[in-house]
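Take a look at the structure below.
The values are calculated or read from the model by the stated rules, or taken from the named source; none is laboratory data. Here the structure is a predicted model, which is why all the values come from computation and not from measurement. Positions of Cβ are generated from backbone atoms using ideal geometry, with glycine treated the same way; all protein chains shown enter the neighbour counts. These area figures cover heavy atoms from the full protein model, side chains too; ligands, DNA and RNA do not enter into them. Shrake-Rupley method; radii C 1.70, N 1.55, O 1.52, S 1.80 Å.
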Amino acid sequence: MDIAATPEWAALSEHHAAVAGLHLRDLFDADPERAAALTTTGADLVLDWSKNRVTRDTLPLLTALARAAGLPGRTDAMFAGEHINTSEDRAVLHTALRAPRATALAVDGQDVIDDVHAVLDRMGEFTDSVRSGAWTGHTGERIRAVVNIGIGGSDLGPVMAYEALRAYARRDIELRFVSNIDPTDVAEATRDLDPATTLFVVSSKTFTTLETLTNARVARAWLLAGLGDDADVAKHFVAVSTNAPEATAFGIDEANMFGFWDWVGGRYSLDSAIGLSLMIAIGKEQFAEFLAGMHAMDRHFRDTPLEQNLPVIAGLLNVWYVNFFGTETHAVLPYSQYLHRLPAYLQQLTMESNGKSVRGDGTPVTTATGEIFWGEPGTNGQHAFYQLIHQGTRLIPADFIGFASPNHEYPVDDETDMHDLFMSNLFAQSSALAFGKTAEEIAAEGTPAELVPHKVMPGNRPSSTILARKLTPSVLGQLIAFYEHVTFVEGTIWGIDSFDQWGVELGKVMAKQLGPTLTEPSPDLSGLDSSTAALVGRYREWRGR
Ligand code: F6P
């Protein structure tokens, strides 16, 4: 189906023509109930989407489009384990990873919930033994540092969630993350660690990823150099993978492997065994709360009518901007320093999922797809790039994310609380973006005429605000599941397979082919394009080869 050829799409185009010229100032003035009407709650999250370039007619038109695209049926198919990842012929069942033990779900003849909980139980036992000190390294000392080695979904989720939940983590076990094949990453992560008290978690869905296997080999050499060649490596290395034979080939004991399944995409895998390092940091009980939060958002998404459904509303708004306003990027602005890796995590989730140019059946898309997600925590971003969002020529929809209660209380003086100061910035920024400041208002303040145009704040810059009471493991789980489903909603409208990532393969193959040209004594560079051949030549010269 060509979504852009549907009557629902045409209706939205027509609606856009009517709405595009309206200013949020006027929309709010004309409708005193607007904020209440365009605020929706799901699980513990409140989504205020009233500061978006919409009228009360917009959402019904967008949900009609969602129905035309078959969103409800596709959602059911995903939760039921149908093979909606068509290009890889796989089920897409990250939602099963957080389903309660009592849930029944057979996929391809196998009870997946039993499998999920069997692995969670083993992770829990292992976590307890590391946290209690029962698990010891080669010299009999307890583990003081856990280093997760992985990349992409095997890194971004764990590191983002660990950073987000530091307030809930054990501080006497340090977590570090090594992802890049740049040797500096592993060097810096290990330089001040004691091999006797360090545990490596090698996380790789495929266990064939060059970066991860290389870093794991270097880590093993570092361990042996520190502990001696007869060191019991099994006490310092565990693996998280769907590929047990490759992990065995690497030398990891099967007893120290934690599996998952091909129906978990890498960027959707934080809640699988890929979350082992996080579980060690926060404990199995709080990890269970994190999973329960994800499940609460799953239920909200699966069971709530489209018009009151948080991920549906947010996903459709993104489609509204990308396809009708022609926006290209989307800012994520968490007012929580703990969420400083959330934008990077969302970049993989959204851009690896929806950066596609063909539809499920292989035919070219007829609409723009994907958005460039980016961002930084507030208030840091305010002093860096907000200028462009406020006064630049581009329209950049933004998500503000904030929490009522801080994880740390700091009264600044008798009247001022630090968290209040922080949050006042969030509310001020979203308001300034929406309503701006007119030339008349600026002139009325006595601003010299020649400065007025520079100070005009056009406003009408859209944003949504996601508010929760506090950043807890459960709320983080809800936020992640929210964005997973937002991504799914957008992909469904665009008719693409949001669960494959063929586009990353070519570069991997070429890096493998190119490798020898950097090291061989007299490589044949004739197969390379002239630019790459020249770069390789210069690199070799500078490396003294
Ligand atoms: O870059 C592609 C990719 O396959 C991602 O989708 C994935 O998260 C990452 O590589 C790491 O893969 P693996 O977990 O198999 O090492």
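Summary table below
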| quantity | calculated |
| --- | --- |
| Looking only at segment 9-38, and only at residues there that are within 30 Å of the chain's Cα centre (by Cα) and surrounded by 15 or more Cβ atoms within 10 Å (Cβ to Cβ), the one that is nearest to Ile401 (Cα to Cα) | Leu38 |
| Single condition Leu479 does not satisfy, out of (1) open to solvent by less than 50 Å² (accessible area, probe 1.4 Å); (2) assigned to a helix (DSSP H, G or I); (3) more than 27 Å from Gly381 (Cβ to Cβ) | (3) |
| Any hit, segment 172-190, residues being within 21 Å of Asp230 (Cα to Cα) and in contact with a strand residue (DSSP E or B) (Cβ under 8 Å, 6 or more places away or on another chain) | yes |
| In segment 78-94, the residues that are out of contact with any strand residue (DSSP E or B) (no Cβ under 7 Å at 6 or more places or on another chain) and open to solvent by less than 10 Å² (accessible area, probe 1.4 Å) | Met78, Asn85, His94 |
| Pair list, Cβ < 9 Å and 6+ apart or interchain, from segment 44-66 residues that are at negative phi to residues that are hydroxyl-bearing (Ser, Thr, Tyr) and in a loop (DSSP other than H, G, I, E, B) | Asp44/Thr472; Leu65/Thr6 |
| Flag for Asp303 being over 26 Å from Leu346 (Cα atoms), surrounded by fewer than 20 Cβ atoms within 10 Å (Cβ to Cβ) and away from the ligand (no atom under 16 Å from the Cβ) | no |
| Single condition Ile143 does not satisfy, out of (1) within 26 Å of Arg341 (Cα to Cα); (2) under 28 Å from the mean Cα position of the chain (by Cα) | (2) |
| Residue in segment 175-189 that is more than 16 Å from the ligand (Cβ to nearest atom), touching a residue at least 60 places away in the same chain (Cβ under 8 Å) and closer than 30 Å to Pro334 by Cβ present | yes |
| Extreme residue, most open to solvent (accessible area, probe 1.4 Å), among residues of segment 193-217 that are within 16 Å of the ligand (Cβ to nearest atom), hydrophobic (A, V, I, L, M, F, W, C) and assigned to a helix (DSSP H, G or I) | Leu210 |
| Positions within segment 334-358 being touching a strand residue (DSSP E or B) at 6+ places or on another chain (Cβ under 7 Å), in contact (Cβ under 8 Å) with a residue 60 or more places away in the chain and not in a helix (DSSP H, G or I), in sequence order | Pro334, Tyr335, Ser336, Val358 |
| Positions within segment 404-432 being among the acidic types (Asp, Glu) and open to solvent by 60 Å² or more (accessible area, probe 1.4 Å), in sequence order | Glu409, Asp413, Asp414, Glu415, Asp420 |
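Residue-wise test of (1) touching a His at 6+ places or on another chain (Cβ under 8 Å); (2) closer than 21 Å to Phe373 by Cβ; (3) without any contact (Cβ under 8 Å) to a residue 12 or more places away in the chain.
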| residue | (1), (2), (3) |
| --- | --- |
| Leu395 | no, yes, no |
| Phe400 | no, yes, no |
| Tyr410 | yes, no, yes |
| Glu415 | no, no, yes |
| Asp420 | no, no, yes |
| Met423 | no, no, no |
| Lys437 | no, no, no |
